[in-house]
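The values are calculated or read from the model by the stated rules, or taken from the named source; none is laboratory data. Note that the structure is predicted; figures quoted are calculated from it, not measured. With ideal geometry, Cβ positions are generated from the backbone for all residues, glycine too; neighbour counts draw on all protein chains shown.
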Amino acid sequence: MVSLYAVSNVIDLLQAEARRDKVPTLAPGDTVKVHAKVVEGNRERVQIFEGIVIGCRGSGTKEAFTVRRIAHGVGVERSFLLHSPRIDRIDLIRHGKVRRAKLYYLRGKVGKSARIREKRQVVASSVPADREATEEATETAES
């Protein structure tokens, strides 16, 4: 008889093997370009789907995210598995500043009202502020 612990171990090993290493951390409100592999007949090509992440769900190898974009005046949503072999790569274009986990309210918005502000990070200077003050004081003392 096979123990349940052994089966759980096998599942964990398979899930660890299926995980991708270089996956960006996605959050709702981010604008991304998803390079997805599409099979047409006997050939395969990469199709780019660019839009706003409106929700993330799941964990581990089952983690998924939904991307929404407007194509020819019609809203199009597509869900992707984060660790799927069908995804070639994910380019993170910008981080959005939102206060919700699910952005389903964007479905009812069109045009400028559907925009999301960009989250801006502070860029640290190479010299700390207190060190700059001491350098200025020594320059004035030498003059």
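Here is the figure for region 56-68: residues that are modelled with pLDDT under 95 and over 21 Å from Pro85 (Cβ atoms) total 0.
The set of residues from region 57-88 being outside any loop (DSSP other than H, G, I, E, B), under 11 Å from the mean Cα position of the chain (by Cα) and closer than 14 Å to Lys37 by Cα is empty. For Asp30, are the conditions met, namely being surrounded by 14 or more Cβ atoms within 10 Å (Cβ to Cβ), under 15 Å from the mean Cα position of the chain (by Cα) and touching a residue at least 12 places away in the same chain (Cβ under 8 Å)? Spelling it out, Asp30 is indeed surrounded by 14 or more Cβ atoms within 10 Å (Cβ to Cβ), under 15 Å from the mean Cα position of the chain (by Cα) and touching a residue at least 12 places away in the same chain (Cβ under 8 Å).
Within region 57-85, residues that are closer than 26 Å to Arg115 by Cα reach partners that are part of a strand (DSSP E or B) and acidic (Asp, Glu) with beta carbons closer than 6 Å, at six or more positions or on different chains, in the pairs Thr66/Glu77; Arg68/Glu77. So is Ala36 part of a loop (DSSP other than H, G, I, E, B), under 29 Å from Lys102 (Cβ atoms), aliphatic (A, V, I, L, M) and touching a residue at least 24 places away in the same chain (Cβ under 8 Å) or not? So Ala36 does not fit the description; no.
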